[in-house]
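Peer 1: First the structure, then my questions, so here it is.
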Amino acid sequence: MCRADGYREKRCCFIEDKINSVYYLHEGREITEDVDIDGLWELVGTLHAEKPAVPVFNIVKSINAGIKSKVELCPTSLIDDNLNRILTIENMCEKYKCLPFDGGYCDQPKIIMESFEVVRSTVNLFDEYEAQKANAK
């Protein structure tokens, strides 16, 4: 699932753009590093260890990537196939106002419904972040 249609500005995707370098500020200096997806997560872990009070979400948002220009990373390009399936199913259920299995809410597997709650709350937080960013301009 890609939420690109809902974004207000271009984002780089690790999958589509074959990103091989990232840009970020560290101690007031711009740093450029060549990374793959595993290297990106290692970088996020290092930056978080240096500043544990900063949420991981904000660290990922502070890392810019690009081949020709510096733009934000698309967060959905950073996830694995299993999480992508959960996001896709949750999105389809939300869009078509249905549940993944027959029956009502209580008939659904607990793990699915818990996953959907996490996805929906995270999407809502991200949408709120995007709206605040747009209003600040």
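Peer 1: With respect to Cys98, is the statement that it is of a type in the set (A, V, I, L, M, F, W, C), loosely packed, with under 12 Cβ neighbours inside 10 Å and at pLDDT 80 or above true?
Peer 2: Yes: the conditions hold for Cys98.
Peer 1: Exactly one of these conditions fails for Asn135: (1) outside any helix (DSSP H, G or I); (2) out of contact with any helix residue (DSSP H, G or I) (no Cβ under 8 Å at 6 or more places or on another chain). Give me its number.
Peer 2: Checking Asn135 against (1) outside any helix (DSSP H, G or I); (2) out of contact with any helix residue (DSSP H, G or I) (no Cβ under 8 Å at 6 or more places or on another chain), the one that fails is (1).
Peer 1: Now, a different point. Of a type in the set (Val, Ile, Thr) and either surrounded by fewer than 16 Cβ atoms within 10 Å (Cβ to Cβ) or at pLDDT 75 or above (or both), is that true of Ile19?
Peer 2: no
Peer 1: Related question: If you take the residues of the range 101-132 that are part of a helix (DSSP H, G or I) and either among the acidic types (Asp, Glu) or on the phi > 0 side of the Ramachandran plot (or both), which of them is modelled with the highest pLDDT?
Peer 2: Out of the qualifying residues, it is Asp107.
Peer 1: One residue is enough: does the range 61-71 have a residue meeting the conditions under 18 Å from the mean Cα position of the chain (by Cα), at pLDDT below 80 and in a helix (DSSP H, G or I)?
Peer 2: Yes, some residue in the range 61-71 is under 18 Å from the mean Cα position of the chain (by Cα), at pLDDT below 80 and in a helix (DSSP H, G or I).
The values are calculated or read from the model by the stated rules, or taken from the named source; none is laboratory data. Not measured: the values here are computed from a predicted model. So basically every Cβ, Gly included, is an ideal-geometry build from the backbone, and we count neighbours across all protein chains shown.
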